[in-house]
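Asks: Quick one: the structure is below, questions incoming.
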Amino acid sequence: MHKKNILITGVPGVGKTTLICKLAESLADLNPTGFYTQEIRQQGVRKGFKLISLDGALSILSHVDIESSARVGKYGVDVKGFESFLDNIDFFNPGLELIVIDEIGKMECKSRKFIQLIDNALNSRKTVLATIARNGGGFIDDVKRRSDIHLVEITAKNRDTINPEISGLIRTSLEK
């Protein structure tokens, strides 16, 4: 089976988001669409996560001050806000070939809309470049077991040299 989707995993803090942002930038000629996450820090303490679309739109995914029944650890997840954010990204525009997602993780999977989006994207003709939680079970493990993905682990040893390998996988998948 053709492995058209590339998933990047690794321990928290190893550089998955940094790598996916660098890849999106270096693959700009493919008109990527999607989003990445960034920590919200106050006085050096992580308080939550914000969402940033590749075209610059911002939203909050989670925060310690969000009251929500959807929780991951100390963070309340703003599921409705996340889904509104997703609605404003044209993931399936026919002129775009690469979908970038950071990340397929526990917080994001609190949204049924997100899970459906990931299923649709992975099953589409488009190439998906995504980070995925190293642990998580359920949907996260289901995605990692798909036969149409390359699962690449980023480590402290390979994070500065793996970009060309992943870029090559993406460009090769788009040629098929």
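Asks: What number of residues in segment 70-115 are closer than 17 Å to ASP148 by Cα and over 14 Å from the mean Cα position of the chain (by Cα)?
Replies: Total satisfying the criteria: 1.
Asks: Something else now. Answer yes or no as to whether GLU83 is out of contact with any strand residue (DSSP E or B) (no Cβ under 8 Å at 6 or more places or on another chain) and acidic (Asp, Glu). Before you say what the answer is, go through the steps one by one.
Replies: Working: out of contact with any strand residue (DSSP E or B) (no Cβ under 8 Å at 6 or more places or on another chain): yes; acidic (Asp, Glu): yes.
Against the criterion (out of contact with any strand residue (DSSP E or B) (no Cβ under 8 Å at 6 or more places or on another chain) and acidic (Asp, Glu)), GLU83 qualifies.
Asks: Where the second residue is of a type in the set (Ser, Thr, Tyr) and outside any loop (DSSP other than H, G, I, E, B) and the first is closer than 21 Å to ASN31 by Cα and lies in segment 99-111, which pairs have Cβ atoms under 6 Å and are six or more apart or on separate chains?
Replies: ASP102/THR17; ASP102/TYR36; ASP102/THR37; ASP102/THR131; GLU103/THR131
Asks: I'd like to verify a number: residues in segment 138-158 that are under 15 Å from GLY10 (Cα atoms), not aliphatic (A, V, I, L, M) and not in a strand (DSSP E or B), how many?
Replies: So the count comes out to 5.
Asks: Okay, moving on. Within segment 65-116, restricting attention to residues that are acidic (Asp, Glu) and surrounded by 21 or more Cβ atoms within 10 Å (Cβ to Cβ), which residue is farthest from LEU23 (Cα to Cα)?
Replies: Here the residue is ASP78.
Asks: Restricting attention to segment 126-148, and to residues there that are in contact (Cβ under 8 Å) with a residue 60 or more places away in the chain and more than 21 Å from THR37 (Cβ to Cβ), which single residue is surrounded by the most Cβ atoms within 10 Å (Cβ to Cβ)?
Replies: ARG146
Asks: Evaluate the following for ASP119: is it over 27 Å from ARG46 (Cβ atoms), modelled with pLDDT of 95 or more, surrounded by fewer than 16 Cβ atoms within 10 Å (Cβ to Cβ) and charged (D, E, K, R)?
Replies: Details: over 27 Å from ARG46 (Cβ atoms): yes; modelled with pLDDT of 95 or more: yes; surrounded by fewer than 16 Cβ atoms within 10 Å (Cβ to Cβ): yes; charged (D, E, K, R): yes.
Yes; evaluated as a whole, the condition is true for this residue.
Asks: In segment 65-95, which residues are touching a helix residue (DSSP H, G or I) at 6+ places or on another chain (Cβ under 8 Å), touching a residue at least 24 places away in the same chain (Cβ under 8 Å) and not in a helix (DSSP H, G or I)?
Replies: ALA70, VAL72, VAL77, PHE91, PHE92 - these are the residues of segment 65-95 that are touching a helix residue (DSSP H, G or I) at 6+ places or on another chain (Cβ under 8 Å), touching a residue at least 24 places away in the same chain (Cβ under 8 Å) and not in a helix (DSSP H, G or I).
Asks: Please list, ordered by first then second residue, the pairs with beta carbon atoms under 9 Å, 6 or more apart or interchain, first in segment 149-168 and farther than 14 Å from THR17 by Cβ, second of a type in the set (D, E, K, R) and not in a helix (DSSP H, G or I).
Replies: Once the first residue is farther than 14 Å from THR17 by Cβ and sits in segment 149-168, its partners that are of a type in the set (D, E, K, R) and not in a helix (DSSP H, G or I) give ILE149/LYS3; ILE149/LYS4; HIS150/LYS3; HIS150/LYS4; GLU153/ARG134.
The values are calculated or read from the model by the stated rules, or taken from the named source; none is laboratory data. Worth saying up front: this structure is predicted, and the values here are computed from it rather than measured. Cβ atoms come from the backbone with ideal geometry, glycine included; neighbour counts cover every protein chain shown.
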